[in-house]
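This report refers to the structure that appears directly beneath it.
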Amino acid sequence: MILLLQKIIEDYFLLKYIVCPLGLLLALILTYFLAKFFITEIYFSFFKKRLNFRNGLVIVLTGGSNGIGLELSYLLANNHGKDITLLILDVQENREQINILNSKCSKAEFISCDLSQQKQIEQAFQEIIDKYNCVDILINNAAVALIEYFDAMTIQSFFKAQQINLLSYMKLTHLFLNQKNFANKKDKCILFMGSVAGFQVGLKTSEYASSKFGLVMFNETLRSELKMQEKYKEVKLTIINPYQVDTELFKGFKTFFKQLFPTLNAKKVAQTVYSSLIQRRNIVFINWHYEVFIFFVSNLPAWLKDLAGLITLKDTLNTLAGKQQKFPGQAAQKSLQSQ
Ligand SMILES: NC(=O)c1ccc[n+]([C@@H]2O[C@H](COP(=O)([O-])OP(=O)(O)OC[C@H]3O[C@@H](n4cnc5c(N)ncnc54)[C@H](O)[C@@H]3O)[C@@H](O)[C@H]2O)c1
């Protein structure tokens, strides 16, 4: 039997020179990711110093009125409400949420801020500093998604969405790092909500995907830069990259290969954001196999990437509606586009 197998292997060029090496390569890659996953889990679960939600910690959460941000605000309030000050920066006030937060937190506040407006960001941040002295944890979570082909949207709406999805994250991070009272350096964190969309080909998501891709490199560069400067050594950066979540943002998105890439639940994603904050993690994909998927997809040649994008996203083009984004002061996305 073994001899027969040996003969087959020796006889068949394809098997010997292509299938076997490819199989071996695949096995090596999977082993690498599995080992990385287990080592990372062990390190962050048992050895890494955890975030201390000490009394008086001031947390700013953007886009906290809906979806993942809303779930995260409840998690923070339930677990640390008596110690923290929780500030929600959003364009949309969620009264019910603020009432719940006020019943659980010693201090919780909604601050109206349109993140597409630099002036409003500056004013909101200054207001926070004047009132609470400093910000300890900055959670950049707000986002919009323009579901349209690039050429079909106005460049103004594209830029406005970039302001919210990318530039507001940078602006707030800049204000955070330059605040005068950088008092207790130990528990300082900045968290970015990224997305798998920043790594894989998407259709009708040129704005969203490019902002998320930009965020990945911003996070990478800033992390290295902060480590080089003594005063920021203790500041922890985290980026979370979920796949599609059951919020309004990508309403109607149909996932391809549902068994392997199911739609994620906002509560579960918020739970991961929360535990990643506590464990002070760097880059987080909600499940480890998404990282493997991204590794393979981003290393494909362009024509294969496009083909994979077409196959996996064709179905969703007819159903994907998103939030029909209403920008402040605008009736609907369409009217913004016709500006
Ligand atoms: N939903 C998904 O499938 C998915 C997947 C991957 C990553 N994410 C990321 O998770 C984060 C949260 O998304 P979500 O699904 O909870 O979305 P969501 O639409 O439910 O919530 C977004 C929040 O941002 C706020 N917001 C929008 N424009 C704003 C502005 N100009 N100023 C201030 N606030 C503004 C909204 O009012 C809302 O409260 C986003 O960064 C998103 O990119 C979402």
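Of note, S112 does not satisfy the criterion of being away from the ligand (no atom under 13 Å from the Cβ), small (G, A, S) and surrounded by fewer than 19 Cβ atoms within 10 Å (Cβ to Cβ).
With respect to being among the small types (G, A, S), within 16 Å of the ligand (Cβ to nearest atom) and surrounded by 14 or more Cβ atoms within 10 Å (Cβ to Cβ), G56 falls outside the description.
Restricting to the range 208-228, count the residues that are more than 16 Å from K186 (Cβ to Cβ), more than 15 Å from the chain's Cα centre (by Cα) and not small (G, A, S).
Final tally of qualifying residues: 5.
Can you say whether L222 is buried (at least 18 other Cβ atoms within 10 Å of the Cβ), over 21 Å from I278 (Cα atoms) and either in contact with a Leu (Cβ under 9 Å, 6 or more places away or on another chain) or at pLDDT below 95 (or both), as far as the supplied structure shows? No, not satisfied.
Within the range 275-301, how many residues are at pLDDT 90 or above, part of a helix (DSSP H, G or I) and either surrounded by fewer than 14 Cβ atoms within 10 Å (Cβ to Cβ) or away from the ligand (no atom under 14 Å from the Cβ) (or both)? Residues that pass the stated criteria total 4. Being within 16 Å of the ligand (Cβ to nearest atom) and closer than 24 Å to G69 by Cβ is the requirement here; does D187 meet it? It is false that D187 is within 16 Å of the ligand (Cβ to nearest atom) and closer than 24 Å to G69 by Cβ.
Set side by side, the residues I128, I121, I155, I98 differ, and just one is in the same structural domain as N299 (by TED's automatic domain parsing), out of contact with any strand residue (DSSP E or B) (no Cβ under 9 Å at 6 or more places or on another chain) and of a type in the set (A, V, I, L, M), which is I155. Assess whether S65 counts as being more than 9 Å from the ligand (Cβ to nearest atom) and under 20 Å from S195 (Cα atoms). No; evaluated as a whole, the condition is false for this residue. Screening the range 84-121 for residues that are in contact with a helix residue (DSSP H, G or I) (Cβ under 7 Å, 6 or more places away or on another chain) and charged (D, E, K, R) and picking the one that is modelled with the highest pLDDT gives D114.
Can you tell me which residue among I139, I84, I129 is within 13 Å of the ligand (Cβ to nearest atom) and over 18 Å from T205 (Cβ atoms)?
I139
Only one of K212, K160, K204 is among the basic types (K, R), buried (at least 19 other Cβ atoms within 10 Å of the Cβ) and touching a Gly at 6+ places or on another chain (Cβ under 6 Å). Can you tell me which? The unique qualifying residue is K212. Of F150, F256, F158, all but one fail to be in contact with a helix residue (DSSP H, G or I) (Cβ under 7 Å, 6 or more places away or on another chain), touching a residue at least 40 places away in the same chain (Cβ under 8 Å) and within 20 Å of I294 (Cβ to Cβ); the exception is F256. Taken over the range 228-262, the criterion of being part of a strand (DSSP E or B) and within 12 Å of the ligand (Cβ to nearest atom) is satisfied by I239, I240, N241, V245.
The values are calculated or read from the model by the stated rules, or taken from the named source; none is laboratory data. Computed from a predicted model, the values in this text were never measured in an experiment. Every residue, glycine among them, receives a Cβ derived from its backbone with ideal geometry; neighbour counts consider all protein chains shown.
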